[in-house]
Amino acid sequence: MPELSESVTAIREGAKEDSFTYLTILEYHINTPGVLPVLNEVLQNADLTREIGWDLVQMLLPIDGSEDCLETVARLGNPREVSIKVMEALEGLAAAWEDDADIPDENEIANVASESSKIPGRFITLTGMLAIIQGRIKTKHPSRFLGPSLVKVFNAYHPTPEITTAVINLVRSLSGRRRPPLPARSSSINVANPDKDKDVFRNAPDPEAEQEDPVEESLCQKLLQSFTTAILQQYVNAHEMQWSPRLLELYYPGNVIPGKLTTTKAFSEDEVLQKRDAVVGQLVVRIYL
């Protein structure tokens, strides 16, 4: 592996070369520990990132700590091209979940477990990129970009609290509705959201911008509503919510056995169960408000 100083020099100086040569240089030096902050500095050149950004998605995604670089690609790369690569990467994650469901060979168990642990983080990174990219695309029919993207996200979705929170962040960003945040709950889940501050001044403009058709806003909202409803269904199917026992305890308190831990109390005290309620509540808010 090259020395850090050698790789830093190559990444800085190589940016002066043509894009194909620079991508070749990056492939050789990108795995050197400590070079990602330097690369992120170089990628602040909007012209360079617009030209090579979509090639960097698959190159950077498997590398630990590349989130800042990928955020820069989402902000400064050509949004239409980068969105294609993000969707391809999401498709790869969907295939990885399916492969993970198969019973592996004994010699592959460790490798499968190691690779599987990285999928949620990559999903969170890609949905964060998608939130930025979709907001940057200015076209007559944004639903034609939004619809396929949501399909890829849904296919790669896995009903864990962290992944579901990443989806909630995505829908919140794309809905365009600016409301005060909900009150914090003890069961809230912290998931990185690079679009949380809507810092559009850091984004490059869409080089192919068009005037949006007025009917598109309503159509995009319907797409997001349908998408969120489907996510809610998958999440609830995967996690027992015990709504019926809780309702019975609420409406018929006389039937509750004294001293016994009730389902309602369990959901108010157990951290895992609190997370379930919090995630479902956030999904319902995104659907109906």
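What residue, of I189, I133, is modelled with pLDDT of 95 or more and either among the hydrophobic types (A, V, I, L, M, F, W, C) or under 17 Å from the mean Cα position of the chain (by Cα) (or both)? Criteria check complete, one pass: I133. Within the range 242-278, restricting attention to residues that are in contact with a Ser or Thr (Cβ under 8 Å, 6 or more places away or on another chain) and without any contact (Cβ under 8 Å) to a residue 40 or more places away in the chain, the residue that is surrounded by the fewest Cβ atoms within 10 Å (Cβ to Cβ) is L250. Checking each residue in the range 2-27 for being of a type outside the set (G, A, S) and touching a His at 6+ places or on another chain (Cβ under 9 Å) picks out P2, E6, V8, I11. Is there a residue in the range 23-37 that is assigned to a helix (DSSP H, G or I), closer than 22 Å to I124 by Cα and either modelled with pLDDT of 95 or more or under 25 Å from the mean Cα position of the chain (by Cα) (or both)? Yes, the range 23-37 contains at least one residue that is assigned to a helix (DSSP H, G or I), closer than 22 Å to I124 by Cα and either modelled with pLDDT of 95 or more or under 25 Å from the mean Cα position of the chain (by Cα) (or both).
State yes or no: is Q221 in contact (Cβ under 8 Å) with a residue 24 or more places away in the chain, polar (S, T, N, Q) and surrounded by 15 or more Cβ atoms within 10 Å (Cβ to Cβ)?
Values: in contact (Cβ under 8 Å) with a residue 24 or more places away in the chain: yes; polar (S, T, N, Q): yes; surrounded by 15 or more Cβ atoms within 10 Å (Cβ to Cβ): yes.
Yes; evaluated as a whole, the condition is true for this residue.
Are there any pairs, at least 6 apart or on different chains, whose C-beta atoms fall under 7 Å, with the first in the range 84-99 and basic (K, R) and the second surrounded by fewer than 15 Cβ atoms within 10 Å (Cβ to Cβ), and if so, which? Listed by first residue and then by second, the contacts come to K85/Q58.
Across the range 67-103, the qualifying residues are those that are at pLDDT 95 or above and outside any helix (DSSP H, G or I), and the one among them that is nearest to G14 (Cα to Cα) is G77.
In the set D199, D195, only one residue is closer than 20 Å to I133 by Cβ, of a type in the set (D, E) and either crowded, with 16+ Cβ neighbours inside 10 Å or touching a residue at least 60 places away in the same chain (Cβ under 8 Å) (or both); that residue is D195.
The values are calculated or read from the model by the stated rules, or taken from the named source; none is laboratory data. Quick caveat: nothing in here was measured; it's all calculated off a predicted structure. As a convention, Cβ positions derive from the backbone with ideal geometry for all residues, glycine included, and neighbour counts pool all protein chains shown.
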